[in-house]
């Protein structure tokens with residue numbers, strides 16, 4: 001899952017004083033010439049403007065078309081296509097329906113589909129139950145996406161969940177979301193991606209077979225490789241601001257190509273009548289009966305689908321957002337759900353479910369089974385390259401997040417300073433790298449970190465969708481160009497409470 005989402009925001013006002021920080025504003029008219037040119041993407045308007053009591057107060061207008069709290073928000077991440085050209089004030093409508101669909105599909109197709117299948121099978125114990133979990137993951141993500149589509153059409157502002165949390169609950173919840181992103185969500189996600197990269201890379205050199213557990217690769221080698229990847233990405237992010245722009249398209253092409261190859265090759269094998277034993281025996285034989293096991297399997301499926309909310313982060317830049325946000329979300333969810341189901345079916349066509357269940361590098365085992373060592377190496381390199389690209393993009397945005405927080409005194413001011421010559425956020429990058437490496441070293445591997453990341457992020461997804469229900473009750477006259485079926489957010493919240501409650505993990 002790559003993080004090249006544009007204009008992610010958090011509330012700038014202090015949740016306690018409702019005042020702006022005393023730090024110098026990041027303005028296009030700032031006299032700080034050293035900073036203004038190098039990080040123009042991180043600029044925030046310094047004009048507080050008239051009081052926006054209606055933004056968080058009790059009285060709100062029928063429509064939020066005039067509800068502008070973008071001056072109170074802080075850009076946290078980079079452009080999907082150009083990490084170096086993010087702007088705090090996004091007045092241009094430059095994203096159409098097709099681009100919106102491509103944005104969401106590209107963000108959802110990431111490391112998850114090449115690593116999560118093993119976790120799902122390990123918990124469900126059968127091919128049929130595994131496919132049902134993937135379908136359930138897609139449908140649950142779809143209900144969340146449909147709920148976000150309503151919020152995006154009613155509140156067509158940049159910022160996604162942060163903007164909706166601020167509107168529904170006030171700035172404190174949005175502020176907490178930002179802090180969680182800084183200390184947990186972003187570093188945790190980066191750690192997962194780097195560990196998947198390390199798993200694939202080490203499988204090439206350790207040359208382990210598909211029938212052995214991934215634990216046969218020494219954990220110190222995996223963690224050392226993952227740490228090295230984080231250090232390398234940190235150097236790249238500090239050394240240049242243009243790498244993401246130059247290679248983002250290449251990384252995206254590689255990962256989409258790998259997924260299409262898996263799907264096509266699986267269909268070809270099935271047409272040739274060469275299905276594995278997993279598909280020749282009853283699909284649900286020996287399926288798990290443990291609810292906690294299915295919850296853990298669902299976490300991994302949801303990790304792979306993560307990214308369905310990204311069109312909402314650029315709602316202010318989409319042509320006719322009231323129409324195109326829902327269309328983009330529904331179209332992309334259909335495409336991704338079908339692709340993921342076909343990819344998992346292809347894995348079972350070529351590999352036995354027992355092999356899939358112990359593998360953290362299922363795409364490599366897929367290629368090796370079909371084409372020998374060369375095929376396995378080719379798929380491993382493709383997935384590793386796509387993971388490194390996702391890590392580079394995610395780390396770029398993460399370091400800018402920390403920089404912006406330091407600039408506005410949410411963190412010590414040292415993290416809001418730029419490198420004297422490179423004009424890149426060196427201190428912020430080092431802090432983000434340190435937190436990410438801590439997750440890598442202390443964490444119990446990418447499988448446990450996936451559970452942590454999904455539980456943490458979906459807690460805020462739950463609050464956001466619950467906010468939709470609250471707004472339906474409190475503001476029934478709020479203009480909603482797209483209105484999802486009320487059972488959609490209620491189903492999302494109910495499933496979340498049943499699958500993410502403490503009792504479901506025991």
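Structure values in brief
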| quantity | calculated |
| --- | --- |
| Residue 381 vs. criteria more than 25 Å from residue 297 (Cβ to Cβ), surrounded by fewer than 21 Cβ atoms within 10 Å (Cβ to Cβ) and over 21 Å from the mean Cα position of the chain (by Cα) | yes |
| Members of segment 267-298 found to be farther than 19 Å from residue 129 by Cα and not in a loop (DSSP other than H, G, I, E, B), listed by number | 267, 268, 269, 270, 271 |
| Matching residues in segment 336-378 - criterion: being outside any helix (DSSP H, G or I) and crowded, with 23+ Cβ neighbours inside 10 Å | 351, 359, 360, 361 |
| Residues being buried (at least 24 other Cβ atoms within 10 Å of the Cβ), under 15 Å from residue 341 (Cβ atoms) and more than 17 Å from the chain's Cα centre (by Cα) - total across segment 108-128 | 5 |
| Every residue from segment 319-335 that is surrounded by fewer than 24 Cβ atoms within 10 Å (Cβ to Cβ) and farther than 24 Å from residue 478 by Cβ | 331, 334, 335 |
| Considering residues of segment 401-415 that are in contact (Cβ under 8 Å) with a residue 24 or more places away in the chain, part of a helix (DSSP H, G or I) and out of contact with any strand residue (DSSP E or B) (no Cβ under 8 Å at 6 or more places or on another chain) only, the residue surrounded by the fewest Cβ atoms within 10 Å (Cβ to Cβ) | 413 |
| Lone qualifier among 257, 227, 245, 208 - being modelled with pLDDT under 85 and under 30 Å from residue 396 (Cα atoms) | 245 |
| Residue within segment 459-469 that is within 29 Å of residue 198 (Cα to Cα), in a helix (DSSP H, G or I), at pLDDT below 90 and within 19 Å of the chain's Cα centre (by Cα) present | no |
| Single condition residue 444 does not satisfy, out of (1) at pLDDT 90 or above; (2) in a loop (DSSP other than H, G, I, E, B); (3) within 30 Å of residue 301 (Cβ to Cβ) | (1) |
| Residue count for segment 104-114, restricted to those that are closer than 18 Å to residue 347 by Cα and either modelled with pLDDT of 95 or more or part of a helix (DSSP H, G or I) (or both) | 4 |
| Near pairs, Cβ below 7 angstrom, 6+ apart or cross-chain, from segment 176-198 (farther than 30 Å from residue 382 by Cβ) to any residue that is outside any helix (DSSP H, G or I) | 177/10; 178/10 |
| Test: residue in segment 290-301 that is at pLDDT below 90 and either surrounded by 17 or more Cβ atoms within 10 Å (Cβ to Cβ) or closer than 30 Å to residue 379 by Cα (or both) | no |
| Total residues in segment 450-466, condition closer than 21 Å to residue 222 by Cα and surrounded by fewer than 22 Cβ atoms within 10 Å (Cβ to Cβ) | 2 |
| In segment 146-181, the residues that are within 30 Å of residue 443 (Cα to Cα) and in contact with a helix residue (DSSP H, G or I) (Cβ under 6 Å, 6 or more places away or on another chain) | 160, 161, 162, 165, 173, 174, 177 |
| Qualifying positions in segment 416-438 - assigned to a helix (DSSP H, G or I) and surrounded by fewer than 23 Cβ atoms within 10 Å (Cβ to Cβ) | 426, 427, 430, 434, 435, 437, 438 |
| Some residue of segment 115-136 being without any contact (Cβ under 8 Å) to a residue 12 or more places away in the chain and assigned to a helix (DSSP H, G or I) | yes |
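The values are calculated or read from the model by the stated rules, or taken from the named source; none is laboratory data. Quantities reported herein were computed from a predicted structural model and do not represent experimental measurements. As a convention, Cβ positions derive from the backbone with ideal geometry for all residues, glycine included, and neighbour counts pool all protein chains shown.
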